[in-house]
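Written below as structure tokens is the structure these notes are about.
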Amino acid sequence: MKAYFGRRYSLSASHRLHSDALTPEQNRNAYGKCNNPHGHGHNYTVEVLVGGPVAQDTGMVVNLVDLDALVRAQVIDRFDHTNLNLDPLFTSAVPTTENLCRVVFRLLKESLHKPSQAGWNLEYVRVEETENNFFQCFDAGPQVSIA
Amino acid sequence: MVFLTRRATFSASHYYWNEAWPAEKNQQVFGRCANRNGHGHNYTLEVTVAGEPDPATGFVVDLKWLKDVIEDKIMTAWDHRHFNLEVPEFANTIPTSENIAIAAWKRMEPVIAGAGGARLDRVRVYETAEIFAEYRGEQ
């Protein structure tokens, strides 16, 4: 019987929205306060939903200890208390929360391909930047593999 | 198609234990949840139904009616109960959030389907604000 298991995580990070492809004026117009040269930070909430059969012997889709270990290794340890702009994944992509959401989806999806995590599937990643705005990804997008 | 969700909260206790396993394996797999004295949560149940708004009322379903279904099928049976010891469907099934979501679906789906209006789309059960499970019926 297929069911879904969801988990919410917190991470704090700073970012600056700025594109080298735009002029300073265009950057200010596009990103407003988020273009402040010194950056600013958020307490992000990352919500992860996985789906799969409920194992008869455990009653679980996934053991939360395993899911926590995966998300911690791939996402929390990488981004928590960092400047997102300095992460190699954001050297050529502006760390908007749209892009962060997609990056988190890809990082998790790639580790789920390992046989030890067989049986459950990543359904979506939702990243809440503040209480008032959030972003949700259901697929890895056009670029399936990340550097 | 419009999706309508009604939320309800209940408090219950449970523990995780597989009788087919030795105690050591139960403790290893389920950790603190394997404490046979049980522990409790404030659960939040989200019931989502889907349908077209009725042209006469503008309702997908009457929320009062949905509230009564949740009260009758879930609250009276589960609120302030011990899942393992008092709720029949968990006599031989581990009351994980996944299984609680499935059980909530089975309790409510026939009533909602029988009413002939909206269909039950999904049931989500929050065990804490950070941990939840969802069931969408047979897929």
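Values in this text are rule-based calculations from the coordinates and carry no lab data. Note that the coordinates shown come from a computational prediction; the quantities given were computed from them, not determined experimentally. All Cβ positions, glycine included, derive from the backbone under ideal geometry; neighbour counts span all protein chains shown.
Key figures
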{"quantity": "Net charge dipole size for the stretch A:2-137 [Lys, Arg +1 and Asp, Glu -1 on Cβ; Debye, nearest 20]", "calculated": "120 debye"}
{"quantity": "Point-charge dipole on Cβ atoms (K/R +1, D/E -1) for chain B, about Cα centre, debye to 20", "calculated": "180 debye"}
{"quantity": "Around B:Pro88: net Lys/Arg minus Asp/Glu count, Cβ-Cβ under 12 Å", "calculated": "+1"}
{"quantity": "Local electrostatic count, B:Ile100, Cβ distance below 10 Å [Lys/Arg +1, Asp/Glu -1]", "calculated": "-3"}
{"quantity": "Over 19 Å (Cα to Cα) - which of A:Lys2/B:Lys106; A:Lys2/B:Lys64; A:Lys2/B:Lys73 fall in this group", "calculated": "A:Lys2/B:Lys64; A:Lys2/B:Lys73"}
{"quantity": "Given charges at Cβ of Lys, Arg, Asp, Glu: the stretch B:2-135 dipole, positive-most of B:Phe59, B:Met75, B:Val111", "calculated": "B:Met75"}
{"quantity": "Under-5 Å amide H pairs with B:Asp121, H placed in peptide plane, nonlocal only", "calculated": "B:Thr48, B:Val49, B:Ala50"}
{"quantity": "Neighbourhood net charge (14 Å Cβ-Cβ; Lys/Arg +1, Asp/Glu -1) for A:Ser12", "calculated": "-3"}
{"quantity": "In sequence order, calculated HN-Hα J values of the stretch B:48-55 (Karplus, 6.51, -1.76, 1.60; Hz; x Gly/Pro)", "calculated": "10, 10, 10, x, 8, x, 5, x"}
{"quantity": "Separation between Cα centres of the stretch A:54-112 and the stretch A:7-23, rounded to whole Å", "calculated": "15 Å"}
{"quantity": "Equivalent ellipsoid semi-axes - Cα gyration tensor, the stretch A:1-126, angstrom", "calculated": "34, 13, 12"}
{"quantity": "Among A:Gly32, A:Val61, A:His18 - extreme Cα towards positive end, dipole of the stretch A:1-77, charges at beta-carbon", "calculated": "A:Gly32"}
{"quantity": "Karplus-derived HN-Hα couplings along the stretch A:42-58 (A = 6.51, B = -1.76, C = 1.60, θ = phi - 60°), whole Hz, x at Gly and Pro", "calculated": "9, 8, 7, 10, 10, 10, 10, 10, 10, x, x, x, 7, 5, 4, 7, 10"}
{"quantity": "Cα shape, the protein assembly as shown, gyration tensor, a/c 1.5 rule", "calculated": "oblate"}
{"quantity": "Cα centroid separation, the stretch B:101-139 to the stretch B:13-59 (Å)", "calculated": "12 Å"}
{"quantity": "Cα centre as origin, Lys/Arg/Asp/Glu Cβ charges: the protein assembly as shown dipole, Debye", "calculated": "200 debye"}
